[in-house]
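Q: Sending over a structure as structure tokens; questions will come in a sec.
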Amino acid sequence: MALVLFEEKNALGWLTLNQPESRNALSLEMIGAIQAHLNHIKTRSDLKVIIIRGNGPVFCAGHNLKEFSIATPDVGHIRRIFLQCSEMMLSLQQMPQPVIAQVHGIATAAGCQLVAACDLAVAENGARFATPGVRIGLFCTTPMVPLVRVIGRRRAMEMLLSGRMISAAEAEAYGLVNRVVPPERLAEETETWACELSQFSGFTLGFGKRAFYAQVDLAETDAYRHAAESMVVNSLDGDAREGISAFLEKRSPVWAQGRDR
């Protein structure tokens, strides 16, 4: 059985974690499977938005702790797990497509990291989130990297030091997820949002996403400098020229997929 499933419809793609018996734990093999799919998806200009979800009762319960529990740990193997997981999480930001996490059940430890590493997130109202490593003596240091950047220092530190589960409502208030919906509407609401995004220029979505992450940790003056130059470059692209013309002519734009760039 495939560890990760990939489906596509129109301009949308779905990556589904498919190890429900292990609560979709991020084993080294699972991480590799996700990375392989991301490497392929990023080359697909026809796919505009990606949704990550999980099969079974939970979204993702974090790393597979069985890979750390052997009597004599293999340091090289453990290092590979964390380095490859970090690379995979960074790949989510480096993808040209916006990536939406569709969260149900729980998202804990590296599963919570996966939510934070995605560009956007939708959760069902019964979902819960935690970075509980402190409770087993393994502090969630890699999950804290995207977490602190998404929800801020105080709230991230509280989650990391306490390990407690937070509700979907708290996660929304923290900024960890964008929207909370009833469980029976989770898939539909996520797809609807993805469809709304997919109507825009694929080039512009990817360009804007790169610009966002490039400036987000810069000092304000440097961020403005980067953003201004990005606007210059973006304004010269064919889709921007088409969009401006369409606006002035009061018609719908035709993006590059439907015309020559």
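The values are calculated or read from the model by the stated rules, or taken from the named source; none is laboratory data. The shown structure was predicted, so the numbers you read here are calculated from the model rather than taken from an experiment. Cβ coordinates were reconstructed from backbone atoms using ideal geometry, including for glycine residues, and neighbour counts include every protein chain displayed.
Q: Criterion first (out of contact with any Phe, Trp or Tyr (no Cβ under 6 Å at 6 or more places or on another chain), surrounded by fewer than 17 Cβ atoms within 10 Å (Cβ to Cβ) and at pLDDT 95 or above) does P20 satisfy it? First the steps, then the outcome.
A: Details: out of contact with any Phe, Trp or Tyr (no Cβ under 6 Å at 6 or more places or on another chain): yes; surrounded by fewer than 17 Cβ atoms within 10 Å (Cβ to Cβ): yes; at pLDDT 95 or above: yes.
Yes: the conditions hold for P20.
Q: Just one of the numbered conditions (1) outside any helix (DSSP H, G or I); (2) touching a Gly at 6+ places or on another chain (Cβ under 7 Å); (3) among the small types (G, A, S); (4) modelled with pLDDT of 95 or more is not true of G111; which one?
A: The number of the failed condition is (1).
Q: Surrounded by 21 or more Cβ atoms within 10 Å (Cβ to Cβ) and over 26 Å from R128 (Cβ atoms) - does that describe any residue in region 56-78?
A: Step one: filter region 56-78 for residues surrounded by 21 or more Cβ atoms within 10 Å (Cβ to Cβ), giving 58-64.
Subsequent filtering for residues that are over 26 Å from R128 (Cβ atoms) retains none.
Among the residues of region 56-78, not one is surrounded by 21 or more Cβ atoms within 10 Å (Cβ to Cβ) and over 26 Å from R128 (Cβ atoms), which makes the answer no.
Q: So in region 124-149, with the set limited to residues that are aliphatic (A, V, I, L, M) and surrounded by 19 or more Cβ atoms within 10 Å (Cβ to Cβ), which one is nearest to the chain's Cα centre (by Cα)? Break it down into steps so the answer makes sense when it comes.
A: Pass one, region 124-149, residues aliphatic (A, V, I, L, M): 127, 130, 134, 136, 138, 144-145, 147-148.
Retained after the next criterion (residues that are surrounded by 19 or more Cβ atoms within 10 Å (Cβ to Cβ)): 127, 130, 144, 147.
Details: A127: 17, A130: 17, M144: 15, L147: 12 Å.
Applying the filter and picking the extreme gives L147.
Q: Hey, among A121, A168, A173, which residue is more than 15 Å from the chain's Cα centre (by Cα) and either in contact (Cβ under 8 Å) with a residue 12 or more places away in the chain or closer than 14 Å to G105 by Cα (or both)? Steps first, answer last, please.
A: Details: A121 fails: more than 15 Å from the chain's Cα centre (by Cα); A173 fails: either in contact (Cβ under 8 Å) with a residue 12 or more places away in the chain or closer than 14 Å to G105 by Cα (or both).
Only one candidate passes the filter, namely A168.
Q: Mind listing whichever residues of region 182-204 are crowded, with 17+ Cβ neighbours inside 10 Å and among the hydrophobic types (A, V, I, L, M, F, W, C)?
A: L186, A187, W193, A194, L197, F200, F203
Q: Still on this model: Starting from region 192-219, keep only residues that are in contact (Cβ under 8 Å) with a residue 12 or more places away in the chain and acidic (D, E), then list their pairs with residues that are surrounded by 13 or more Cβ atoms within 10 Å (Cβ to Cβ) and not in a loop (DSSP other than H, G, I, E, B) whose Cβ atoms are within a distance under 6 Å, requiring at least 6 positions of separation or different chains.
A: none
Q: Could we say that R185 is more than 15 Å from the chain's Cα centre (by Cα) and closer than 21 Å to A25 by Cβ here? Let's see the steps before the verdict.
A: Details: more than 15 Å from the chain's Cα centre (by Cα): yes; closer than 21 Å to A25 by Cβ: no.
Judged against the criteria, R185 is not a match.
Q: Name the single residue that is nearest to I78 (Cα to Cα) among those in region 9-48 being hydroxyl-bearing (S, T, Y) and out of contact with any strand residue (DSSP E or B) (no Cβ under 9 Å at 6 or more places or on another chain).
A: In the first step, residues of region 9-48 are kept if they are hydroxyl-bearing (S, T, Y); the result is 16, 22, 27, 43, 45.
Right, trim to out of contact with any strand residue (DSSP E or B) (no Cβ under 9 Å at 6 or more places or on another chain) and you get 22, 43, 45.
Details: S22: 19, T43: 30, S45: 35 Å.
Here the residue is S22.
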